[in-house]
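A short reminder: the numbers here are calculations on the coordinates, not readings from a lab. This structure is a prediction, so every number in the text was calculated from the model and none was measured. As a convention, Cβ positions derive from the backbone with ideal geometry for all residues, glycine included, and neighbour counts pool all protein chains shown.
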Amino acid sequence: MRILALMILGLLVVGCGKQEQADANESTPTTNTNKADGTTEKPVKELTPEQKQKALRDSAVGTYEGKDVGDTIVFLDNGVLEAYEDGEKEEEGKWKIINKEIYLEIDDEHGFLKINKDGSLTAIARIRDGERKDISKENQYTFKKIK
């Protein structure tokens, strides 16, 4: 054990010595780079499923306005949904993320919104008689995030 400690101490002392001055004609070592322009890439940190779920949920919080319908819906961070029509609060419900979609529950109505790449939301399905029924493309409506 004592020999191991002395070896480690010896390596530390040797490693802490003064470095020689580089010859002016020698090239300076460069750092490892990952890109052609010489910059390094930061390692991408993988998110846990819980972190991904939270990030998706946080991105959905906000106020949305219907493109075709003229309604406004507000997703609060506490899971409450408020629906407005012409500035008047019409309904209140609950929302949550299920399988990367927003699940809505307002009174006895249940539905799903797709989160689009641009941050808007599109109504894609409803729950009828306990079964999910997709909404046809021509009957889907989209809400654009305004806040």
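Measuring between alpha carbons in the structure, the pairs from Lys89/Lys137; Lys45/Lys89; Lys45/Lys145 lying more than 32 angstrom apart are Lys45/Lys89. Here the dipole of region 49-145 is about 780 debye; that uses its Cα centre as origin and unit charges on the Cβ of Lys and Arg (positive) and Asp and Glu (negative). Projecting label points 7 angstrom from Cα along Cα→Cβ for Lys45 and Ser59 puts them 1.8 nm apart.
Peptides 138-144, 43-49 ranked from most to least packed, by the mean per-residue count of other Cβ atoms within 10 Å: 138-144, 43-49. With the simple model of a label 7 Å out from the Cα in the direction of the Cβ, Lys144 to Lys114 spans 1.9 nm. Charged neighbours of Arg128, selected by a Cβ distance under 15 Å, balance to -4 (K, R count +1; D, E count -1).
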